[in-house]
1. Kindly state, to the nearest 0.05, the FRET efficiency for B:Asp161 paired with A:Arg139, given R0 = 30 Å and r defined as their beta-carbon distance.
2. Gain in length, A:Ala261 to A:Ser17, computed as 0.36 nm per residue apart minus the alpha-carbon separation, to one decimal in nm?
3. Mark the label point 7 Å from the Cα of A:Glu181 along Cα→Cβ and return the residues of the range A:287-326 whose backbone N is within less than 20 Å of it.
4. Tell me whether the range A:151-269 comes out rounded, prolate or oblate; compute the Cα gyration tensor, take square roots of the eigenvalues as a ≥ b ≥ c, and use a/c under 1.5 as the rounded threshold.
5. Convex hull volume of the Cα atoms in chain B, per residue, in Å³?
6. For the protein assembly as shown, what proportion of DSSP beta bridges, expressed in % and rounded to the nearest 5, is antiparallel?
7. Can you work out the Karplus-derived ³J(HN,Hα) for every residue in the range A:235-240? Use 6.51 cos²θ - 1.76 cosθ + 1.60 with θ = phi - 60°, whole Hz, and x for glycine or proline.
8. Based on the Cβ-Cβ distance from A:Glu359 to A:Asp314, what FRET efficiency comes out when R0 is 25 Å, to the nearest 0.05?
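Read-outs throughout are calculated quantities, based only on the coordinates presented, and are distinct from any laboratory measurement. Here the structure is a predicted model, which is why all the values come from computation and not from measurement. Positions of Cβ are backbone-derived with ideal geometry, glycine not excepted, and every protein chain shown enters the neighbour counts.
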Amino acid sequence: MTDVATGTIRLEKLTKSYDGHGKPAVDSLTMDIPAGEIVVLVGPSGCGKTTTMKLINRLIEPTSGRIYLDGKDVTRENPDLLRRRIGYSIQQTGLFPHRTVADNIATVPRMLGWSKDRTAARVDELLNLVGLDPDTYRRRFPKQLSGGQQQRVGVARALGGDPEVMLMDEPFGAIDPLNREALQNEFLRIQAELKKTIVFVTHDIDEAVKMGDRIAIFSQNGRVEQYDTPEKILSEPANEFVSSFIGAGAAVRRLSLSRLADVEVPDNWPTVGADDSADRRRVAAAGTDRDFLLVLDADRRPVGWLPAAEAAEDGRTVPLLGALGPGDTLYEALDRMLTYSSTGHVVTDAEGRYRGVLELDSLRTLIHANNSAAGQSQEVS
Amino acid sequence: MAVIAEPRTDAAVPRVRPRSPLLAYGRHALMPLLVGAALLALYLYVSGHELDRIERRSLNTEYLTSRIFDHLGLTLLTTALILLVAIPAGILLTRPWARRWASPILVIANIGQALPSLGLIVLLAVSFETLGVNQIAIIAFLAYGILPVLRNTIAGLQQVDRSVIESARGMGMTRGAVLRRIELPLAVPVILAGVRTALVITVGTVALATFVGAGGLGDVINNGINSSRDLVLLSGSVMVAALALLVDWAAGIVEDLLKPRGLS
């Protein structure tokens, strides 16, 4: 177990064919899935991505080929015992309607023979992890939860036995766009903490780009057209199929790959302290041609905008709109600028302290630099 | 620092009606009251008549009690046998390797129920003279009552959400564990509805046991017909009806008690 990182998956010449169908559903697929990464299988319906995922935990038994987990051949292992080591969550959640949330999450721990105390502690830990208060939700039944909450419980249940590997089949597919976005972000936060190996199936290229450390683009019969990082796939599509699948707007999509934490943000905006005297505010306002000064508190956290013309008066501020954090991407920065159509957007660091102010001009510079860095300079407009 | 509020996902949580015992079981209180009133009316009506010798032979406490217990005994024994045959058969017929036998076997069970039970019972008595009267009666009632339980067991297991079974298998539950812990509990409401139907059918058909001499409340009805005593006939009929209603009532309560929580 030590020579190969736990959580590594290797598929070797994996084939699944059904009697009476000419072409196999998956045809001699070889793929390495590194430990601790999210690998997204994406493609049109009927491309074999779900079949491939189910071959990994052998819900579908391969016709030929090998599956290695942690470097060990598990193709002939007892499938029930194998599956208890692999988390599994699906779009329809598949929660047991006659069991409480706690009992659902405890499914795998109980099969693994964990003690009552350990199981109960694990249930509470997982409920907290997915953002559901254990005391409120533990004893509820799935019917008593909203769709998003059911999906969270589904993810918590898949994590029940603390598996190294998770298989997720469109886990956020049935959620409305607003909640899906929140769940995706939350899931990425959880994954940053847990570092599981995750095989994630979706048909949505945007979701693939957002979630994936690597993306495998399937065309048909489990044929992988390109298996690479999202950056590479968006900037250097391997062939016609990949370019047409990622579609138009690849340059815009690529913006969602650069986080503000990784770029330079101009920090030459005039600022004043929240406790500064009216005199100091007036001096600061006189020294700039900006219409607004940024007010920072003693910890350098942005408080609001101070209109330069009223700098000497009572110091009443205009609220911040569309402030951006280190986890936000260039895509979100652009989106927020278009949404609020105000000139400057405050960028903060992880502690919420002032880093700089982005304007449309400075953002354009960043986007240009980002596109050149991705290798292939493309027209943004 | 985010200005945009995190979308809340717990909006519009459907509230499950709290189970108030009074509300849930209150509707069960009506049936025994009605049946009690009907039986009391029958008793008062019969008491108002001067009974002759023939009527007295049927309408006395000892005779009636023994017929009621016969009737209940036959009903329960038949139902127990129905469950013993129909539930395992229903489970087998929903397993992937036996699923294709489900339709032909349901056809046979359908024939069992479609046959006039009086005809079947007499036919069996004539064909198998070596069998005892109770055995003949039970075989006939079995053929008649199997269908609802078999059909509901199959339907109950088939209506279990495939994604629930798939996720259970995907988490490493064995086939047997999925059947015991997931499929059967989720099928319980439908199966119980079938059992309840079978019970009520059986109470009714057991009244025919009298024609092969197997006893039951059918004896009282038959005595009334043979001796042209309408009072005896009426008493027997009302008592069979009352028994059927009470059995249905008791089964309804059991149904409520055994229904898994979280389903409604």
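1. 0.85
2. Taking A:Ala261 through A:Ser17 to full extension adds about 83.2 nm, to one decimal.
3. Residues A:320-326 qualify, since their backbone N sits under 20 Å from the label point.
4. oblate
5. 179
6. 55
7. Couplings: 8, 9, x, 5, 7, 3 Hz.
8. Once rounded, the FRET efficiency stands at 0.35.
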